[in-house]
Number of protein chains: 2
Amino acid sequence: MAAALSRRDRLRAATVAEIKEIARRYLVADGPSAISLRAIARDMGMSAPSLYRYFPSLDTLITELTADAYDSVRSAMEVARDATPADDTLGRLVAVSRAFRQWAVAHPAEFSLAFGTPPPGRDMTYTKQQKPDDGAADPNLRAMQACGEAGTRFGAVFAQLFIELWTRRPFPTPAREEIPPRLRVQLGALAEELGGVLPMPAVFVYLSCWTQLYGMVALEVFGHQRWALTDAEPLFEAELAAMIRRLDPPAAGSDGR
Amino acid sequence: MAAALSRRDRLRAATVAEIKEIARRYLVADGPSAISLRAIARDMGMSAPSLYRYFPSLDTLITELTADAYDSVRSAMEVARDATPADDTLGRLVAVSRAFRQWAVAHPAEFSLAFGTPPPGRDMTYTKQQKPDDGAADPNLRAMQACGEAGTRFGAVFAQLFIELWTRRPFPTPAREEIPPRLRVQLGALAEELGGVLPMPAVFVYLSCWTQLYGMVALEVFGHQRWALTDAEPLFEAELAAMIRRLDPPAAGSDGR
DNA sequence: AGCTTGAGCTAACAGCATTAACTGAACCAA
DNA sequence: TTGGTTCAGTTAATGCTGTTAGCTCAAGCT
């Protein structure tokens with residue numbers, strides 16, 4: 001059922017892909033604001049209004065590029081993960097983290113789209129309700145929803161690794177009582193959403209690690225670290241090592257790699 | 001020598017201030033791309049080209065707004081710092097960190113300007129060389145330079161606290177040998193730049209804390225945490241507490257607050 | 001064969017940054 | 001006080017931008 005596309009649908013898909021590819025070119029060359037329908041149309045030998053047959057607005061195009069960015073990192077991370085033995089969960093976490101950073105450094109514009117400031121009006125990407133009439137008539141809303149789902153799939157790669165790690169060899173967590181009540185309920189809800197495998201304090205560690213990772217990479221890609229460092233990679237590696245140490249403290253030594 | 005301004009210069013400064021204020025209004029209302037010279041001029045009852053008497057381009061205006069944002073957080077942080085006893089350095093660090101987050105949450109648009117994706121072409125904000133002909137003829141370059149300096153002044157608030165903390169009661173750091181050589185030289189250079197007070201491994205801890213702080217706040221303000229949390233404050237407080245514990249481990253107990 | 005769908009077009013509107021050329025008032029020096 | 005310079009402001013124009021309306025024509029389906 002993969003090739004159940006009519007001739008027209010295939011042509012249409014090809015055009016959509018070409019539009020996105022050219023748009024991505026402008027994006028990486030001169031930033032998101034350089035993406036212009038007129039310029040894309042010019043490059044394709046078309047008129048600008050024709051593009052509205054494929055995207056209801058420029059914003060929607062950019063939203064779809066953002067979703068593609070999430071898929072792109074995710075697949076890069078999955079490749080790195082699958083190149084590491086399945087029984088070495090910590091090794092996989094390291095590989096995935098490195099892949100995340102490397103993708104980000106190699107694709108700063110896409111990274112900014114997916115992990116930087118969202119354009120105003122598209123903040124609620126991660127809304128989970130909206131079950132009624134789900135698909136929605138508005139194709140722009142549909143794109144935003146798809147973007148949110150792509151982001152969720154991205155996050156699931158990290159989450160899955162933490163779940164695996166926990167089931168194989170639980171990592172140290174703070175005691176339940178050390179976590180303030182208001183945080184407890186939120187983390188508890190999140191633990192449910194993640195499948196109920198991780199206990200609430202483990203979710204805290206998971207979020208903490210992700211925050212540190214994001215902070216490192218975002219600071220580097222956004223250029224907010226150049227006042228301190230000329231090459232951010234060694235610091236990243238050091239922080240990554242610290243993170244692993246936190247998840248596998250040398251006390252009860254094991255293979256660890 | 002504060003009032004050494006001619007009448008014309010005073011009027012000019014007032015106009016510049018009014019332009020910036022209106023621009024800021026558009027910024028917070030609808031994001032950076034909503035700042036338009038024509039709209040500002042319309043609001044002021046002027047023609048758009050007139051604004052070029054005050055700013056050489058829209059980009060320069062935005063750059064100056066970015067510099068103002070740095071000054072704004074910094075002053076908020078300084079207020080919070082000075083409201084805490086000078087001998088309680090850890091308390092000051094907590095106060096400053098909270099002020100940083102609170103300012104960010106209250107001013108998401110300005111935060112994005114200063115700490116989010118930089119507009120393409122203005123990446124090299126933090127360049128330090130360029131001593132020759134320093135001021136430079138290009139007023140746009142001058143603005144970018146001023147923006148970088150404002151960013152440096154912002155960072156100095158945190159740096160100063162870490163320096164003070166270290167001189168009062170040194171915090172735990174990794175051993176020199178645990179830090180890989182390539183990172184060592186960079187941190188060493190940075191330690192010099194910070195005045196040579198902090199030893200190299202302490203600089204590592206400083207950067208690590210700042211990264212965690214930035215990660216927390218950026219994730220929250222950019223909305224990349226809403227899939228996990230409805231209210232980011234408790235998690236921030238928990239991470240902040242963990243940071244403080246790292247700087248003042250309960251082993252050699254002291255006042256701590 | 002005839003109708004419907006869809007892909008493309010042109011023309012047009014409204015908004016944008018920016019430049020050029022010009023006017024008039026404020027300032028400053030003789 | 002006069003004369004020249006500086007500077008704030010103007011209008012007109014260029015060339016971008018997203019987007020809508022209305023049209024044409026070929027492909028696809030009945």
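Details
- Residues of segment A:1-29 that turn out to be within 14 Å of another protein chain (Cβ to nearest Cβ) and within 11 Å of DNA strand D (Cβ to nearest atom), as a count: 1
- Enumerated helices (runs of 4 or more DSSP H) restricted to segment B:1-101, each holding at least 1 residues that are open to solvent by 50 Å² or more (accessible area, probe 1.4 Å), away from DNA strand C (no atom under 16 Å from the Cβ) and farther than 30 Å from residue B:121 by Cβ: B:58-82
- Meets criteria (aromatic (Phe, Trp, Tyr) and over 22 Å from residue B:157 (Cβ atoms)) for residue B:236: no
- Residue B:207 vs. criteria aliphatic (A, V, I, L, M), closer than 29 Å to residue A:113 by Cα and within 13 Å of chain A (Cβ to nearest Cβ): yes
- The set of residues in segment A:35-66 that are near DNA strand D (Cβ under 6 Å from one of its atoms) and touching a Ser or Thr at 6+ places or on another chain (Cβ under 8 Å) contains only A:58.
The values are calculated or read from the model by the stated rules, or taken from the named source; none is laboratory data. These numbers were taken from a predicted model, which means no experiment stands behind them. Every residue, glycine among them, receives a Cβ derived from its backbone with ideal geometry; neighbour counts consider all protein chains shown. SASA here: full protein model, heavy atoms, side chains in, ligands and nucleic acids out. Shrake-Rupley method; radii C 1.70, N 1.55, O 1.52, S 1.80 Å.
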